[in-house]
1. Calculate the spin-label point distance for GLU38 paired with LYS23, positioning each point 7 Å from the Cα along the beta-carbon direction, and give it in nanometres.
2. What list of ³J(HN,Hα) values in whole Hz, one per residue of the range 14-30 in order, does the Karplus curve 6.51 cos²θ - 1.76 cosθ + 1.60 (θ = phi - 60°) give from phi, with Gly and Pro shown as x?
3. List the trypsin sites (Lys or Arg not before Pro) within the range 11-43 that fall in a DSSP loop (any state other than H, G, I, E or B) and whose Cβ has at most 11 other Cβ atoms within 10 Å.
4. Any chance you could run the full-extension gain for LYS46 through SER64? It's 0.36 nm times the residue separation minus the Cα-Cα distance, nm to one decimal.
5. Where the accessible area of the range 7-59 is counted over protein heavy atoms with a 1.4 Å probe, how much of it, in %, is carbon and sulfur?
Amino acid sequence: MPDYPKVRPEIKTEELIEVIKAKGIKLRYLADAIGVHESTLQRKLKNEQEFKLSEVVRISCALSLTRSRSEERFSRNAETD
């Protein structure tokens with residue numbers, strides 16, 4: 001099997017937090033929407049833990065972000081081992 005580079009989402013957490021606050025979304029709701037515990041989401045928003053790509057997609061849906069707004073908040077960053 002080919003060795004593909006790992007791709008992980010790079011999150012602009014400060015901007016994401018601003019969007020969450022502007023939309024009046026509670027962290028508990030967002031955590032439930034992406035399938036993690038509220039404390040896990042808090043760690044991810046503090047950059048203590050990385051977001052999974054699937055979580056990024058769920059956040060975009062939960063916040064009703066358009067594709068262009070999602071791309072402003074999240075960018076892909078390839079990293080190799």
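The values are calculated or read from the model by the stated rules, or taken from the named source; none is laboratory data. Remember, predicted model here, so these are calculated numbers, not experimental data. All Cβ positions, glycine included, derive from the backbone under ideal geometry; neighbour counts span all protein chains shown. When the accessible area is computed, the model is the full protein with side chains, heavy atoms only, and any ligands, DNA or RNA have been set aside. Shrake-Rupley method; radii C 1.70, N 1.55, O 1.52, S 1.80 Å.
1. Each label point lies 7 Å from its Cα, and together they span 1.8 nm.
2. 4, 5, 4, 4, 4, 5, 4, 5, 4, 8, x, 7, 7, 4, 4, 4, 5
3. Here the trypsin sites (Lys or Arg not before Pro) that fit, given the DSSP loop and packing criteria, are LYS26.
4. Difference between extended and current length: 4.3 nm.
5. Working: 1600 of 3350 Å².
Roughly 48 percent of what the probe reaches on the range 7-59 is carbon or sulfur.
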